[in-house]
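Undergrad: Below is a structure I'd like to ask you about.
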Amino acid sequence: MGIRERLSGNEAAAIAMKQINPDVVAAFPITPSTEIPQYFSTFVNNGQVDTEFVAVESEHSAMSACIGAEAAGARAMTATSANGLSLMWEMIYIASSLRLPIVMSLVNRAVSGPLNIHNDHSDAMGVRDSGWIMLFSENNQEAYDNLLMAHRIAENKDVLLPLMVCQDGFITSHSIENIELLEDDKAKAFVGTYKPEHYLLNDKEPIAVGPLDVQTFLFEHKVQQAQAMRNAKKVVAEVASEFEKLTGRKYEFFERYQMDDAELVVICMNSTAGTAKATIDELRKQGIKAGLLKIRMFRPFPAEEVAEALKNAKAIAVLDKADSLNGVGGALYEDVVSGMFASNIHVPTVNYVYGIGGRDTTVNDIKKVYTDLAEIVKNNGNIGNPYRYLGVRGEN
């Protein structure tokens, strides 16, 4: 039986880090993730962990310090949001290309400009193809659980890639919810000890980290990175299976909600799933066969599995909490329709960009999406303009 608590998402993340007890945490404060290193620093000060806490001068330095620590053979963690992640951008790519299993708690927030401190997914989407595994969390429990699974996934010898656990800024990071924690000893045993095979401080194997990699080898190394990302799918599933045996909490690549007979399906990530579930419960009482696919593992993207889960739907709406500004839909939409096309599954699918800069998304908003999907079915699959906005003033 776990420990029942009431915690914010940031507190839950910090406690997960305490139970992991990493060798190094390097961080620089930025809203709304500031509380994570702040809480964790009190654990360091109180002697509850023996982590080396490095207070750096910028987020670029935070990721640089994590890279140095991991390359030396230490387990490293950090946390950031929005512009902080943007400042890390150079080092984000370096961390993944050096195959360093750093774990980061990313509290999602709009990236400037103009300046906005509230939630959308523009920060995560900005680095979606940088070689980091990406797990998304609907609520505080999932943020905590995903962090406990993170090192087991990232440090697997067939993966060795950095991993970020995402949660919605303020919506979950600052909201207090009931949560069940693992006992410290069980959490520590589950995460295990980091035992890198190759690292700079191993005097028995001198190595170089980050050398010049020109046209002779870079292509092959990038293919190896891509293969490691593909390998991560199997490892994510295996670790989740072990976690379920320990806690009873089941995690898959995505959650199916009322999908057994669903005809009208919404796909989204993070906290919006809770609003969608409430909407579906109302619609089901009216006899409307509404369903939800909540993506948990965004990188690697489970394209084949998503396509298989959608094959019996009559109309689909993909909700993106970030606009790719490319004229042809958001990132999640592009991945979903690409996966469906490759699997030769053809269901009318539309995209809604929503919630930018923290714009509230209500049950009535989600109901409108399902109403639109019903209209598509009524019109024999004619979707009209597939690229839409939800909740914008002046939009129908």
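Just so you know, all these numbers are worked out from the coordinates, no wet-lab data involved. The structure presented is a predicted model; accordingly, all values stated were derived computationally and were not measured. Note that we place each Cβ from the backbone using ideal geometry, even for glycine, and neighbour counts take in every protein chain shown.
Undergrad: Once you order the gyration tensor axes a ≥ b ≥ c over the Cα atoms, which shape class does region 1-99 get: rounded for a/c under 1.5, otherwise prolate or oblate by comparing a/b with b/c?
TA: Taking the square roots of the gyration eigenvalues as a ≥ b ≥ c, region 1-99 is prolate.
Undergrad: Give me the dipole magnitude in Debye, nearest 20, for region 1-131 about the Cα centre, with unit charges on the beta carbon: positive for Lys and Arg, negative for Asp and Glu.
TA: Roughly 300 debye, rounded to the nearest 20.
Undergrad: Which is the longest stretch in the chain that no exposed loop site breaks, taking sites as GluC sites (Glu not before Pro) with a DSSP loop state and at most 11 other Cβ atoms within 10 Å?
TA: Maximal segment without exposed cleavage sites: 198-394.
Undergrad: Please report, in whole Å³, the volume per residue of the convex hull around the C-alpha atoms of the chain.
TA: 147 Å³
Undergrad: Okay, moving on. Lys pairs in region 3-247, Cα-Cα under 14 Å, at least 8 apart or on separate chains: how many?
TA: Close lysine pairs under the 14 Å cut-off: 6.
Undergrad: Taking 8 Å as the Cα distance limit and 6 or more residues as the minimum spacing, I'd like the relative contact order of region 3-247 as a percentage.
TA: Over region 3-247, the number comes to 24 percent.
Undergrad: Using 0.36 nm per residue of separation minus the Cα-Cα distance, give me the extension gain between Glu5 and Asp360 in nm, one decimal.
TA: Going from the current span to full extension adds 125.1 nm.
Undergrad: Then there's this: Using the Cα gyration tensor of region 37-163, with a ≥ b ≥ c the square roots of its eigenvalues, what is the shape: rounded (a/c below 1.5), prolate (a/b larger than b/c) or oblate (neither)?
TA: Rounded, since a/c falls under 1.5.
Undergrad: State, as an integer percentage, the relative contact order of region 8-97 based on alpha-carbon contacts under 8 Å between residues 6 or more apart.
TA: Relative contact order of region 8-97: 34 percent.
Undergrad: Under 5 Å between amide hydrogens, which residues at least 5 positions from Tyr194 or on another chain qualify, with H placed 1.01 Å from N in the peptide plane?
TA: Those qualifying (amide H under 5 Å, at least 5 residues apart or on another chain) number zero.
Undergrad: If the chain between Tyr93 and Asp129 were fully stretched, how many nm would it gain, using 0.36 nm times the residue separation less the Cα-Cα distance?
TA: Taking Tyr93 through Asp129 to full extension adds about 12.0 nm, to one decimal.
Undergrad: Which whole-number value in Å³ per residue fits the convex hull of the alpha carbons of region 254-390?
TA: 99 Å³
Undergrad: Between Asn178 and Lys250, what is the label-to-label distance in nm when each label sits 7 Å out along the Cα-to-Cβ direction?
TA: Those two pseudo-labels are separated by 2.1 nm.
Undergrad: Net charge around Glu155, counting only other residues with Cβ within less than 12 Å of its Cβ (Lys, Arg = +1; Asp, Glu = -1)?
TA: +2
Undergrad: Is there a quick way to get the dipole size of the chain? I mean about its Cα centre, with the Cβ of Lys and Arg at +1 and of Asp and Glu at -1; what is the value in debye to the nearest 20?
TA: Dipole of the chain, to the nearest 20 debye: 820 debye.
Undergrad: Using only the Cα atoms of region 265-313, build the gyration tensor, take square roots of its eigenvalues as a ≥ b ≥ c, and label the shape rounded, prolate or oblate: rounded if a/c is under 1.5, else prolate if a/b is larger than b/c, else oblate.
TA: Oblate is the answer for region 265-313, as a/c is 1.5 or above yet b/c matches or exceeds a/b.
Undergrad: Quick one: what are the phi-derived ³J(HN,Hα) couplings along region 312-326, Karplus 6.51/-1.76/1.60 with θ = phi - 60°, whole Hz, x for glycine and proline?
TA: 9, 6, 9, 7, 10, 10, 9, 9, 10, 8, 6, 9, 6, 6, 10
Undergrad: By how many nm would the segment from Leu218 to Glu395 grow when fully extended, if each residue of separation counts as 0.36 nm and the alpha-carbon distance is taken off?
TA: 59.0 nm
Undergrad: Please go through region 324-396 and write out the trypsin sites (Lys or Arg not before Pro) that DSSP classes as loop and that have at most 13 other C-beta atoms within 10 Å.
TA: Here the trypsin sites (Lys or Arg not before Pro) that fit, given the DSSP loop and packing criteria, are Arg393.
Undergrad: Of Ala228, Ala154, Met125, whose Cα points farthest to the positive end of the dipole of region 97-251 (charges on the beta-carbon: +1 Lys, Arg; -1 Asp, Glu; origin at the Cα centre)?
TA: Farthest along the dipole direction, towards plus: Ala228.
Undergrad: Where a Cα-Cα gap under 25 Å defines reach, which lysines qualify for Lys314, not counting those fewer than 8 residues away within the same chain?
TA: In chain and number order, the partners are Lys277, Lys285, Lys289, Lys294, Lys367, Lys368, Lys378.
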